[in-house]
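A short write-up of the structure that comes next.
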Amino acid sequence: MKDKLIALQEEALQAIKQATRVKDLQDTKVKYLGKKGPMTEVLRGMGKLSAEERPVIGQVANEVRSAIQIAIDEKQESLQAEEMQRKLEQETLDVTLPGMPQQVGHPHPLTLVIEEIEDFFLSMGYTIAEGPEVESDYYNFEALNMPPDHPARDTQDSFYITEEFLLRTQTSPVQPRSMEKQNGKGPLKIICPGKVYRRDTDDATHSHQFMQIEGMVIDRGIQMSDLKGTLERFAKEMFGEERDIRLRPSYFPFTEPSVEVDISCSICQGEGCSVCKKTGWIEILGAGMVHPNVLKMAGFDPEEYSGFAFGMGPDRVAMLRYGIEDIRHFYTNDIRFIQQFNR
Ligand code: PHE
């Protein structure tokens, strides 16, 4: 029986040696060590052995078994290494081949302008505030000194969702929202870029959805001259040092006094052209000193604090900056339009 086991071992080791694939090894293992294999058969026959023979044969059987197992494991390792080596040799990588051209995206012109405006105000110590696009009647109108019968609430201009909620018509509701968080204490210096919505019929200069950037500064002793200086610096940074600004009296319910701000036309240098409608000036924003009622409703004491606010249209700024003649280009997603812009 011992000889038979030794012969089996020889045979198995030979088969393992000759194996060329991992699969061959698995077959060999099943053949020699499997349930229906010769080893199992030998072990089954052990019952017939004498008490002295049994432990001797048992030990031999175990040795044969583990010799086969070890040989399989070793061979498997070397076969796998060989396979890996073959793969590495076949799958060479030619790093000198030309690369595949990748399509790179382009930034939207509005994004470019908004980021530039943000950078300017961040450098002046402002922070960026946010507010919801679905806004309550209270923040969009009432807290901005527009009581329920105010004509600006006309459904002709606003997209109402319910009696109480609408798509914000301006970014100005971020003014009372930001002030309320201050618990009546200044200073507050924010800008808020965002989308706004109006029931306008779309044409070259109107869109039912467009962008605004709101700005607000609240502190002790803020004056109209602070507003003027800030906007002058802004106009020069954005459109060039030769630009001037002009303030015209205007009206907004939430600022008093209110102004509309023009910059000298960068296209004709103030001579008069079609873009500035022969006036030499282009309107870029509305602004004013925060109305005492607005301060009060948001928890600030108008005797102690004052502030200015402004709202500008980045669509307008981008149209001027890039010579875009139709606002609808911004929102109709024609890839050929976007592809013209780069950082
Ligand atoms: N919200 C005003 C508008 O949409 C602009 C504005 C903002 C005016 C802040 C004054 C102060 O026309």
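The values are calculated or read from the model by the stated rules, or taken from the named source; none is laboratory data. Since the structure is predicted, the reported quantities are computational estimates derived from the model, not experimental observations. Note that we place each Cβ from the backbone using ideal geometry, even for glycine, and neighbour counts take in every protein chain shown.
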Of the residues Ile267, Ile284, which is in a strand (DSSP E or B), farther than 20 Å from Ser306 by Cβ, modelled with pLDDT under 95 and not hydroxyl-bearing (Ser, Thr, Tyr)? Ile284
Unmet criterion (only one of (1) touching a residue at least 40 places away in the same chain (Cβ under 8 Å); (2) more than 30 Å from Phe159 (Cα to Cα)) for Glu242: (1)
Per the filter on region 217-233, residues within 14 Å of the ligand (Cβ to nearest atom) and not in a helix (DSSP H, G or I) are Val217, Ile218, Ile222
Residue check: is Asp157 closer than 26 Å to His329 by Cβ, charged (D, E, K, R) and in a loop (DSSP other than H, G, I, E, B)? yes
If you take the residues in region 198-216 that are under 13 Å from Phe159 (Cβ atoms) and charged (D, E, K, R), which one is nearest to the ligand (Cβ to nearest atom)? Arg198
Hey, could you check region 54-73 for residues that are over 11 Å from Leu5 (Cβ atoms) and without any contact (Cβ under 8 Å) to a residue 12 or more places away in the chain and say which is farthest from the chain's Cα centre (by Cα)? Arg54
May I ask you to list pairs of residues, at least six apart or on different chains, whose Cβ atoms are under 6 Å apart, with the first in region 286-302 being within 14 Å of Pro253 (Cβ to Cβ) and the second being within 13 Å of the ligand (Cβ to nearest atom) and hydroxyl-bearing (Ser, Thr, Tyr)? Gly288/Thr255; Gly288/Ser258; Met289/Thr255; His291/Thr255
Can you tell me which condition Gln76 does not meet? The list is (1) more than 26 Å from Gln340 (Cα to Cα); (2) without any contact (Cβ under 8 Å) to a residue 24 or more places away in the chain; (3) assigned to a helix (DSSP H, G or I), and all the others hold. (2)
Counting only residues in region 250-297 that are among the aliphatic types (A, V, I, L, M) and farther than 20 Å from Leu188 by Cβ, the one farthest from the ligand (Cβ to nearest atom) is identified as Ile267
If a residue must be in contact with a helix residue (DSSP H, G or I) (Cβ under 8 Å, 6 or more places away or on another chain), modelled with pLDDT under 95 and β-branched (Val, Ile, Thr), how many such residues does region 178-235 contain? 1
Among the residues of region 186-197, count how many are away from the ligand (no atom under 14 Å from the Cβ) and exposed (fewer than 14 other Cβ atoms within 10 Å of the Cβ). 1
So which pairs qualify, if the first residue must be in region 303-316 and more than 22 Å from Met224 (Cβ to Cβ) and in contact (Cβ under 8 Å) with a residue 24 or more places away in the chain, the second must be part of a loop (DSSP other than H, G, I, E, B) and more than 12 Å from the ligand (Cβ to nearest atom), the Cβ gap must be under 8 Å, and the two must be at least 6 apart or on different chains? Asp315/Ser207
Please go through region 168-183 and give me each residue that is without any contact (Cβ under 8 Å) to a residue 40 or more places away in the chain and within 14 Å of the ligand (Cβ to nearest atom), ordered by number. Arg168, Thr169
Kindly provide the set of residues from region 298-315 that are of a type in the set (D, E, K, R) and within 16 Å of the ligand (Cβ to nearest atom), ordered by number. Asp315
Residues within region 138-187 that are of a type in the set (S, T, N, Q) and under 17 Å from Phe308 (Cβ atoms), tallied: 7
Whether any residue in region 309-318 is of a type outside the set (Asp, Glu) and either surrounded by fewer than 14 Cβ atoms within 10 Å (Cβ to Cβ) or on the phi > 0 side of the Ramachandran plot (or both) is what I want to check. no
